[in-house]
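The values are calculated or read from the model by the stated rules, or taken from the named source; none is laboratory data. Everything numeric here is computed off the predicted structure, so don't read it as measured data. Glycine also receives a Cβ, built like all others from the backbone with ideal geometry; neighbour counts cover every protein chain displayed.
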Amino acid sequence: MIYPTRSAIRSILSARGGVLGMMQTATVQLSIVFINLSTGIIAARWLGPVGRGDYAALSVWLMLPATLSVAGLQAGIIFVSRRDPDRTDAVSLAGLLCGLVAYAPVAVLSFALAPLFVQGYGVGGLIAVAICASGLNAAVMLSRQSLLGARETLLFNLSCAASPLVYLVALTVCWSVGRISLDAVFLSQITSVLVAAVIAAVFYARRRAGWRQLRVVMRPLASYSLRAAGIDLVNIVYGNADRLFLLAFVAPAELGLYAVALSFARLTSILQVAVSSVLLVDLSGKPAAEIESYIHALFLLLFWMLTTSCLLAAVLGREVLVLFFGHAFAACAPIFKVLVVESSLSCLCQVIMEAFLASEQPSYPSRVQLAYAVILLAALAALTPRFGGLGAATAMLAAAACKMAMLLAGLSRIEVALPNIGLRGYVRARRHRALFAR
């Protein structure tokens, strides 16, 4: 029994795509989830609901400018790298240049708007530090996408694991010397960003030969990235609009409760990251029949896994929150249950969107994402001021359901049938081996 186990481990470690690539990514992402869970528990227990709300305000501005700067570029780097594998170094450098150019106006806008959102929060000058560090985050995100474009799945996963691991170590050091405060938690987070930025700098330095081919790849990268930007921009709205509304309408303590519920509900994101990080690489340029069989089998598998997760959250959600975070956070249980369902729907939406991207049809999901953004903002504006965190969670669930309906309705555009989640779908998935052939 030893040798098959060793063989399986070696296969997962050396995987560059397909199910084994997803298994490798899921394994590493599961480790990251547990590390993030540990740091989240430490921060919440140290800071309490009010301090956790202040830290959530900082976290928004640590990531928001970065994600805005790389909108569309992450999918563009993967797609162009797979279409032209001999120029992956040039694609990486072109992506970095585009990201840095985009970050400049985003940073100026962030410095102007951020103070308006954090009035009443005890974050002080830390907001400026968060926005500056966000530029480093943008470079880190692009370097990781370049690793995926080169099918270096293991290096991608290790790079992703470095930041949360450093964050956990830094928090442990702060605890050992008795530094338990918002400043200490935020400093630990910034330390992890700096370490990730050093790793990214080494990555780009090793690809300096790509400067000679920069002009060849810049135009196709910019073209695809601009067309795919709508998807990322609305994902950014999805990822931050709820907390921006809550920053404007609720006290730090309620935002702290919501932040804990959201972080715990996002445990299902391990599946979404595994899917999005490998699926586009594997399916780019494939015929519609192969894309359909792959998507159907994966959708069926994830649907029943996520349904089970939602049922467990409904039954045990409050008890688990109290166990990990303490009785101070028991009040966020209703928010958590709603957000688990929303997170599951978002994961399934990602599977469908990858089918459009792999078919080189990013325009339709971009339009869907824009419609989703309008629905989400309208729902947040209607529900958040009156119902606070629970209203924001309900708005996100309603918008995610609408997005799923629109994506499924558009599958005929790429000659992909609707996935079947019943027995017939299982038989069809067993009949197609595309998912397991890699």
Which residue out of Thr384, Thr394 is within 29 Å of Leu316 (Cα to Cα), buried (at least 22 other Cβ atoms within 10 Å of the Cβ) and among the β-branched types (Val, Ile, Thr)?
Thr384
Name the one entry in Leu257, Leu226 that is surrounded by 17 or more Cβ atoms within 10 Å (Cβ to Cβ) and assigned to a helix (DSSP H, G or I).
Leu257
Cβ-Cβ under 6 Å, sequence separation 6+ or interchain: first residue in the range 369-396 and touching a residue at least 40 places away in the same chain (Cβ under 8 Å), partner charged (D, E, K, R) and crowded, with 20+ Cβ neighbours inside 10 Å. Which pairs?
Tyr372/Lys403; Gly388/Glu254; Gly389/Glu254; Ala392/Asp242; Met396/Asp242; Met396/Glu342
So how many residues does the range 295-317 have that are aromatic (Phe, Trp, Tyr) and either in contact with a helix residue (DSSP H, G or I) (Cβ under 7 Å, 6 or more places away or on another chain) or closer than 17 Å to Leu397 by Cα (or both)?
2
Among the residues in the range 145-153, are any of a type in the set (Lys, Arg) and without any contact (Cβ under 8 Å) to a residue 60 or more places away in the chain?
no
Given the conditions (1) in contact (Cβ under 8 Å) with a residue 60 or more places away in the chain; (2) assigned to a helix (DSSP H, G or I), report the number of the one that Asp86 does not fulfil.
(1)
Out of Ala248, Ala330, Ala265, report the one residue that is under 22 Å from Arg52 (Cα atoms), aliphatic (A, V, I, L, M), modelled with pLDDT of 90 or more and in contact with a helix residue (DSSP H, G or I) (Cβ under 9 Å, 6 or more places away or on another chain).
Ala330
Which one of these is in a helix (DSSP H, G or I), within 19 Å of Leu357 (Cα to Cα) and modelled with pLDDT under 75: Leu298, Leu271?
Leu271
Residue among Leu30, Leu20, Leu100 that is surrounded by fewer than 18 Cβ atoms within 10 Å (Cβ to Cβ) and modelled with pLDDT under 90
Leu30
Checked the range 194-211 for anything surrounded by fewer than 20 Cβ atoms within 10 Å (Cβ to Cβ) and either at pLDDT 85 or above or not in a helix (DSSP H, G or I) (or both); matches are Leu194, Val195, Ala197, Val198, Ile199, Ala201, Val202, Tyr204, Ala205, Arg206, Arg207
State yes or no: is Ala209 in contact with a helix residue (DSSP H, G or I) (Cβ under 9 Å, 6 or more places away or on another chain) and closer than 18 Å to Leu96 by Cα?
yes
Is it true that Leu168 is within 30 Å of Arg82 (Cβ to Cβ), over 17 Å from the mean Cα position of the chain (by Cα) and surrounded by fewer than 20 Cβ atoms within 10 Å (Cβ to Cβ)?
no
For residues that are touching a residue at least 12 places away in the same chain (Cβ under 8 Å) and either on the phi < 0 side of the Ramachandran plot or assigned to a helix (DSSP H, G or I) (or both), tally how many sit in the range 110-131.
15
Residue list for the range 405-423, filter: assigned to a helix (DSSP H, G or I) and surrounded by 17 or more Cβ atoms within 10 Å (Cβ to Cβ)
Met406, Leu407, Leu411, Ile414
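For every residue, the table says whether it meets (1) basic (Lys, Arg); (2) part of a helix (DSSP H, G or I); (3) more than 29 Å from Ala289 (Cβ to Cβ).
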position	(1), (2), (3)
Leu306	no, yes, no
Gly317	no, yes, yes
Pro334	no, yes, yes
Ile352	no, yes, no
Glu360	no, no, no
Tyr372	no, yes, no
Phe387	no, yes, yes
Is one or more of the residues making up the range 68-76 out of contact with any Lys or Arg (no Cβ under 7 Å at 6 or more places or on another chain), part of a helix (DSSP H, G or I), surrounded by fewer than 23 Cβ atoms within 10 Å (Cβ to Cβ) and at pLDDT 90 or above?
yes
For the range 281-291, check the following and say yes or no: at least one residue is within 27 Å of Ile414 (Cα to Cα), buried (at least 21 other Cβ atoms within 10 Å of the Cβ), modelled with pLDDT under 90 and acidic (Asp, Glu).
yes
Does the range 369-376 include one or more residues that are within 25 Å of Gly53 (Cα to Cα) and modelled with pLDDT of 85 or more?
yes
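Yes or no, residue by residue, for (1) within 30 Å of Ser366 (Cα to Cα); (2) among the polar types (S, T, N, Q); (3) in contact with a strand residue (DSSP E or B) (Cβ under 8 Å, 6 or more places away or on another chain); (4) in contact (Cβ under 8 Å) with a residue 60 or more places away in the chain:
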{"position": "Leu182", "(1), (2), (3), (4)": "no, no, no, yes"}
{"position": "Ile199", "(1), (2), (3), (4)": "no, no, no, no"}
{"position": "Ala209", "(1), (2), (3), (4)": "no, no, no, yes"}
{"position": "Leu214", "(1), (2), (3), (4)": "yes, no, no, yes"}
{"position": "Arg219", "(1), (2), (3), (4)": "yes, no, no, no"}
{"position": "Val237", "(1), (2), (3), (4)": "yes, no, no, yes"}
{"position": "Asn240", "(1), (2), (3), (4)": "yes, yes, no, yes"}
